[in-house]
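The values are calculated or read from the model by the stated rules, or taken from the named source; none is laboratory data. The shown structure was predicted, so the numbers you read here are calculated from the model rather than taken from an experiment. Glycine gets a Cβ as well: all are built from the backbone with ideal geometry, and neighbour counts include every protein chain shown. These accessible areas exclude ligands, DNA and RNA; they are computed on the full protein's heavy atoms, side chains included. Shrake-Rupley method; radii C 1.70, N 1.55, O 1.52, S 1.80 Å.
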Amino acid sequence: MEKERIEKVKKHIRTEAALEAGQVLKKITDNFPDNPEGMKYFYDLLSRQFSEEILPKNGKKLIGTMCVQVPDELILAAGAKPVRVCSGSFPYDNAGAEFMPAKTCSMIKAIMGLFQVEDFREKFDMLVIPTTCDQKKKTTEILKDMGYEAYSLAMPSRKDDDNSRYYWQNSVKEFAADLMKKTGNKITKESLKKAFDLKNEARYEFRRLFKLRMKNPAVIYGKDAFLIANAYFTDDIESWTAALKKLNDELEKKVEEGFSVANAKVPRFLFTGSPPIFPNMKIPLLVEEAGGLIAIDEVCSSSRLLYDMPSYDEQGLYDMIPAIADCYLKPCTCPCFVPNEERKDKISNLIDMFNIDGVIYQAFSGCQLYEMEQKLIGNFLMKKGVPMLYIESDYSPEDTGQLSTRVEAFIESIKMKKKSSAAKKEENKKDKK
Amino acid sequence: MNKITKFVNNASIKRFRFWFQIVAFFIIIYGGYAAIEIGENLPTFACPYLDKPGGTCFLMGLQHRFTLPFDQFISFRGLAIITSILFFLAGFVFLNKAWCGYVCPIGTLQDWFTKIRQKLGIRYSNYSEKKFKKLKKIKYILLALLILIPLGIANSIPGVGKLSHDWGVPFCMVCPGRTVLPIFNGDFSQLTIDFSSKTKMVFTFLGMAVTGMFFAGAFYKKRFFCFFCPMSAFQFIFKKLGLLRLVKDGSKCTKCGDCYRACDMGIREIADDVENKDIVKDDCMMCFKCVAACPEEGCLKVNFLSKTIYKATEEGFYKRTK
Amino acid sequence: MKVYAGIDIGSTSIKIVLIDESENIVAHSTNPTGASFHKNSMDAFQSLLERENIQKADILYLASTGYGRKLLKEADETISEITANAVGAKKSAEKIGTVKTVINIGGQDLKGISLDEEGNCGNFVMNDKCAAGTGRFLEMTARTLETSVDKLGELHFNLKGVPASINSTCTVFAESEIISLLANGHSHEGIVVGVHYSIAKRIARLIKRIGVEDIIFFDGGPAMNKGLVEAVENELMRELYIPDVPQITTAFGAALIARSVYHEEEVHA
Ligand code: SF4
Ligand code: SF4
Ligand code: SF4
Ligand code: SF4
């Protein structure tokens, strides 16, 4: 009886999650004109993931990862498939809220809800969770307690000194060894080279998209860019790269033809903070539906996912594995690091490169690190003269009304500023004449 | 023009350097046979202990010239120090520290050892950051000694008196240029211990020890000897005069550390310093491997007379990592 | 006469302002929002036009703002209440100088806006999910004390003795707190003063996040409550500027925006 009831509850959550995903996807596709042809692949993929099969099936062993810091080259080299399990689903968030502390961040709750509702114990050979923020750290133990093969990948809290660097290199080395044990496959320099190349190809296409997004007027909405990166979480790396290549080709052609999705007057935003993960596209959608454009982002679920590229000097595991480790540590701008000056530098650079008018900073309520770093970034941006909107929110749609007012006001204020500065320029011109 | 720059930026600096070094190596070691004589005060180890080198090492002359009594400083002989430095600079300005990365035969030899090690699949070793900082200083001590000891030969030191002439060219006595390079002439005579005097014995013994360390060290540690090289220290004093420059646009740097990994000299600042434009540190040999390893468009650049001749590009990075 | 209209559809009332070409207020009205606010808005609009004898065709441009702004399909332009509020405040206080901070208390929200030198909206804060410290809170107080909202100001100044202290900011808990204060024999006046200070403290905390600078403009319905004004002034230790009709600033701002958008479009056309 009880078992039946539980099954019913689970089914209900699944249905709700599929419904939510469907609704968001509908918004993403229907509320915007001229979606690129090449986006269809990604829309379909995400929709399938919620309506049919959550986990990919390709015969390979699955290794779940819970952070952008997990070096998936190693997983690929060990002949397994990496799946990033970070979830953006509100129904799963609710499910997780039942047994997680109230102040836990939505993403953690959603992940835990997912692993509670869906019994993935047999599916994953390993769940890899780096010791980034406290919540993720402890999650590892709770997952173990739930019967999962959870692996804690030890990360230092600093990235600027050599002690941390070697500490991390060692922990990645150990991880490689444990992976070999778990999968029964050996990581060789040949297999690692292949994984390197696969990932670097993906990175190449990703950077192409990155450059296309610099175009002003824009050729692609931020919401689509988020989805592309999201699809990478679960997709097969080769097919993902191929699909993105096709999209990039299409966009490049569109640029040549002079096509754009938004004119040059549309305010351009940089999105930073806690990662939007499909279907939690709440804030990005609010921004773009209100007539803004997310030109670029600085979040671990999107543009930080595949930007940094490792390079090794000598082809041998002794150099390649540390090279991978370095690439996942040194340029990372996650707020779990102190100091994290690089985040300011990166944001500042992106602002200049992408012609950014304003910054949207999202922090999931409960994510202390992003909440606290908000002040630092805010002060920095104030000095730089770029306005920032700080939003503390979670996966629930409750606050959409309030948020939309704030987002709209922010956009309006930027439009007004743009207008008055344009008017000033005109005047200056006239004066000169 | 565009095509050429693209070709250059996509090029593999490793291969280019490999061939350049071979040519330079032959010119320095055997140049004399083909009547090549680049100059007398070369900022590189063109060692006169060789049969017919294609030039002469600056350090040898420097040590000789400093065997100079104080009262003769303002004299023709004193002037010779200045003119020799000027000749040194005349060669130096063109390549700057790239003399080390591209020409020096001792440097090239070490790179070849590294190649052999790589082929054998043996891992390299590295210094820890602390050790590195300490070891870096040795070259300055050597540079100071290499000037002070000759002065001690010509001038009397209170309490010790004048040093004997056995102390002459002290650095050459321990320099691998003297012991190793002549091997390429089939000459092993420098690899012996000279028992003619105590000082000579100690020096030649030290020379042998250094040679042993040179072989073993260079095999496991990239550019092992260069950390201690006084030539590198001397060059560094004049780096501002170099026409060839390595510059960095810190705003484009993500601190990914790819360049740091590539750097045989383990120069941390190349990745971590985002403030300074001129990024050449005292250990740098201007090999430009870092430029080739950097994935950020235009972040690291090689300039000659303020004109960029080679720079980091995304495309080049991909081409090279494939 | 040609006019521009701004309509602010708030949670408790619908405010309409008509302005002429030289940005003077021609007419304004305030009506309860009620349940079907589309119909009520249109009715309110109609009756204002009739009262002032203005033809529909004379309205050159209509901008809507407030919670219900998007549902009024008749509007030519919608604008968020934050922007409209800022624009309205800047214009209303023109004669005394440049407004730097705007505090607005609405039916169920609390806003703080900081303006830059040019009067552009720089930074702003808003209360998040709940109605603590908003107009709702005052309404609840009045209801519990069996009086009306407009009387609260008067009660405030009649206090003899010490004010009660209200600790809860949540409307629901505050209500039960007030009831128990009453049961313990606290005076109505003391409770009202307590409530005013409790709201004022909340405002101060919120507003300090964006930095408080003179001139401070205080508007929204509750700004008519002199007692509350005094409490806020004491909490911020600064003087507030209250417009003549505090509840219509946002609608006035919308009307001003309507005018400027109209002219822009004219230029482009
Ligand atoms: S530092 Fe190395 S390369 Fe340069 S002169 Fe000395 S030995 Fe030669
Ligand atoms: S022994 Fe060394 S320092 Fe002396 S001349 Fe030869 S290369 Fe130069
Ligand atoms: S910093 Fe660059 S140029 Fe200098 S030694 Fe290192 S890799 Fe070579
Ligand atoms: S490789 Fe380039 S981007 Fe990376 S740390 Fe070095 S200079 Fe910076």
Heavy-atom accessible surface buried between A and B, both sides counted, 1.4 angstrom probe, nearest 100 Å², is 2800 Å²
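When only DSSP loop residues count, what trypsin sites (Lys or Arg not before Pro) in the stretch B:126-228 have their Cβ near at most 13 other Cβ atoms within 10 Å?
Values: sites: B:Lys130, B:Lys131, B:Lys133, B:Lys134, B:Lys136, B:Lys137, B:Lys139, B:Lys162, B:Arg178, B:Lys198, B:Lys200, B:Lys221, B:Lys222, B:Arg223; in loops: B:Lys136, B:Lys137, B:Lys162, B:Lys221, B:Lys222, B:Arg223.
When the trypsin sites (Lys or Arg not before Pro) of the stretch B:126-228 are filtered for loop state and at most 13 Cβ neighbours within 10 Å, B:Lys137, B:Lys162 remain.
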Quick check: at a probe of 1.4 Å, how many percent of the accessible area of chain B sits on carbon and sulfur atoms?
68 percent
Rounded to the nearest 20 Debye, what is the dipole magnitude of the stretch B:13-236 about its Cα centre when Lys and Arg each give +1 and Asp and Glu each give -1 at the C-beta?
1260 debye
Rg and Dmax of the protein assembly as shown, Cα atoms only, in Å
36.8, 124
In whole percent, what relative contact order does chain A give with Cα contacts below 8 Å and a gap of six or more residues?
17 percent
List the chymotrypsin sites (Phe, Trp or Tyr not before Pro) in the stretch B:19-73 that DSSP assigns to loop (not H, G, I, E or B) and whose Cβ has at most 14 other Cβ atoms within 10 Å. Which are they?
B:Phe73
So what's the gap between the Cα centers of the stretch B:86-110 and the stretch B:238-315, to the nearest angstrom?
18 Å
Where in the stretch A:340-380 does accessible area fall by at least 30 Å² between the isolated chain and the complete protein assembly, at a 1.4 Å probe radius?
A:Glu342, A:Asn349
For the stretch B:245-321, one quarter of the surface area of the C-alpha convex hull, expressed in nm², comes to 4.5 nm²
Rounded to whole Å, give me the distance from the Cα center of the stretch B:1-61 to that of the stretch C:227-264.
78 Å
For the stretch B:254-277, residues shielded by at least 40 square angstrom of accessible area compared with the chain on its own, probe 1.4 Å:
B:Thr254, B:Lys255, B:Cys256, B:Asp258, B:Tyr260, B:Arg261, B:Arg268
Select from chain C the helices, each a whole stretch of DSSP H, whose alpha-carbon atoms run 24 Å or more along the helix axis and whose Kyte-Doolittle mean is at least -0.5; answer none if there are none.
C:188-208, C:249-268
Of the cross-linked pairs B:Lys137/B:Lys240; A:Lys254/B:Lys289; A:Lys223/A:Lys418, which ones have a Cα-Cα span greater than 28 Å in the structure shown?
A:Lys254/B:Lys289
Listing of the stretch B:305-322 residues, each with accessible area lower by at least 50 Å² in the full protein assembly than in the chain alone (probe 1.4 Å):
B:Glu314, B:Tyr318, B:Thr321, B:Lys322
Check cross-link reach from A:Lys430 to the lysines: straight Cα distance under 18 Å, and skip same-chain residues fewer than eight apart.
A:Lys419
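Nearest 20 debye, what's the magnitude of the dipole of the protein assembly as shown about its Cα centre given +1 on Lys and Arg Cβ and -1 on Asp and Glu Cβ?
So the dipole magnitude of the protein assembly as shown works out to roughly 4820 debye.
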Round to the nearest 0.05 the FRET efficiency obtained for B:Lys6 and B:Phe70 when R0 = 56 Å and r is the Cβ-Cβ distance.
0.45
With the full set of protein chains in place, find how many percent of the accessible area of the stretch C:97-242 is carbon and sulfur; take the probe as 1.4 Å.
50 percent
For the protein assembly as shown, what does the helix formula give at 222 nm: sum of -39500 (n - 2.57) over DSSP H segments with n ≥ 4, over the residue count, nearest 500 deg cm²/dmol?
-16000 deg cm²/dmol
Taking Cα atoms only, helix B:138-154 is inclined relative to the longest principal axis of chain B by an angle, in degrees rounded to 10, of 20 degrees
Ratio to report: Rg/Rh of the stretch A:2-425, with Cα atoms as the point set and Rh obtained by the Kirkwood method; give two decimals.
0.95
Chains C and A: accessible area buried, summed over both chains, 1.4 Å probe, nearest 100 Å², reads 1800 Å²
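Tell me, in nm to one decimal, what length is gained between A:Ile6 and A:Glu257 on full extension, where the rule is 0.36 nm per residue of separation less the Cα-Cα distance?
84.8 nm
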Please state the charge dipole magnitude for the stretch A:2-425, taken about the Cα centre, from unit charges on C-beta atoms (+1 on K and R, -1 on D and E), reported in debye and rounded to the nearest 20.
680 debye
Which Cα, out of B:Phe76, B:Thr179, B:Pro53, lies furthest along the positive dipole direction of the stretch B:13-236 (beta carbon charges, K/R +1, D/E -1)?
B:Thr179
The stretch C:124-164: trypsin sites (Lys or Arg not before Pro) falling in loop per DSSP and having at most 15 other Cβ within 10 Å
C:Lys129, C:Lys160
Please check: in the Gaussian network model of chain C (C-alpha springs, under 10 Å), which one of C:Val87, C:Val162, C:Val17 has the largest mean-square fluctuation.
C:Val162
Per 0.36 nm of contour for each residue apart, how much would the distance between A:Asn379 and A:Asn170 grow if the chain were fully extended, relative to their Cα-Cα spacing?
71.6 nm
Rg/Rh for the stretch B:13-236 to two decimals, with Rh computed the Kirkwood way over all alpha-carbon pairs.
0.97
Karplus-derived 3J(HN,Hα) from phi for the stretch B:210-222 (6.51 cos²θ - 1.76 cosθ + 1.60, θ = phi - 60°), whole Hz, x at Gly and Pro, runs 4, 4, x, 5, 4, 5, 5, x, 5, 6, 8, 10, 4
Using a Gaussian network model of chain A with C-alpha springs under 10 Å, which one of A:Val287, A:Val261, A:Val338 is most mobile by mean-square fluctuation?
A:Val338
Hey, how many Å between the Cα centroid of the stretch A:292-363 and the Cα centroid of the stretch A:7-35?
30 Å
Per residue, how large is the accessible surface of the protein assembly as shown? Use a 1.4 angstrom probe and give square angstrom.
43 Å²
Nearest 10, in degrees from 0 to 90: the angle of helix A:134-145 to the longest Cα principal axis of chain A is 30 degrees
